[in-house]
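The structure appears below as structure tokens.
The values are calculated or read from the model by the stated rules, or taken from the named source; none is laboratory data. The shown structure was predicted, so the numbers you read here are calculated from the model rather than taken from an experiment. Cβ coordinates were reconstructed from backbone atoms using ideal geometry, including for glycine residues, and neighbour counts include every protein chain displayed.
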Amino acid sequence: MPERSEIVRFDSVPELSSNDLEHSQNMLARFRQGDLNAFETLFREHQRSVYGWILRIVRDPAAAEDLTVETFWRIHRAHARFEPARAFEPWARRIATRAALDWLRARRTESGRAATNFDQDVADLSSRSAADPGIAAETRLKTAQAFARLPPGLRIAAVLSVVEEQPHKEVAAALGISVGAVKLRVFRAIRLLRKDLLEQGITP
Amino acid sequence: MKKQDEDRIKQILREALPPVDSASEPSRDLWPAVLRRIDAEPGSELSRLEPGRQNWFDWALLAGLVVFAVSFPATIPVFLYYL
């Protein structure tokens, strides 16, 4: 498991020189006009961070790849609405979050499948020495399964804020809601999770 | 819910779902898949190479509306009212 300090922060963008800035602005303007080469350049620059963001939400590498493709298709489709004066990364992340949310909602309707990857996550975790021995493997498994049953909107807010420790401001921007709404969603997710665990006879 | 209960649930959740490795990246180049997705889109560059295919339905719909309007001219004000 990576150290918390190793987790990439999306706000840690290196400073650009004036030439780089001009080049970047030019690239974004060309993308807005529908230039496919500019779009490919942006794709090459941002595919890894977009994939990483989606993976944090869906926690399934194959699905994250498909959703990265879906996200860049949506980005291409919306190129005329992009404002070059604004940053590309937060805009892409918002579209990626929407695509991941749609995927989670669609999966939720498929009975029983939602918990599968979480079961695998927990099985993997059981073999890791970093796991807290004070928390039983069964508790972790049932927590993961209970988490998979939460409404997708609450899950995204909780997984990004609590598990991935992303700043509330960035989660809010990605979800298109206020910071207060993110905190409320996290609180509701935790409360529902606790209720579900109690119903299963697990006292946290 | 007490603060300590909330913190305990968060701790269990972090244990149940470990953070994703920041070095994660796609297992393959996704650009060809993005291009295929774009080309499959109606009105894309690929679709524009086949102009007869892209909007026959639009023309058929328009023709149907014209025929309907000519056949029943009294319905035109009703349509306009609801537009």
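Between A:Glu70, A:Glu110, the distinction of being out of contact with any His (no Cβ under 8 Å at 6 or more places or on another chain), at pLDDT below 90 and of a type outside the set (Gly, Ala, Ser) belongs to A:Glu110 only. Condition check for A:Gln47 on (1) in contact with an Asp or Glu (Cβ under 9 Å, 6 or more places away or on another chain); (2) under 18 Å from A:Leu104 (Cα atoms): one failure, at (2). Can we say A:Glu89 is assigned to a helix (DSSP H, G or I), modelled with pLDDT of 85 or more, on the phi < 0 side of the Ramachandran plot and acidic (Asp, Glu)? When the stated conditions are applied, A:Glu89 passes them.
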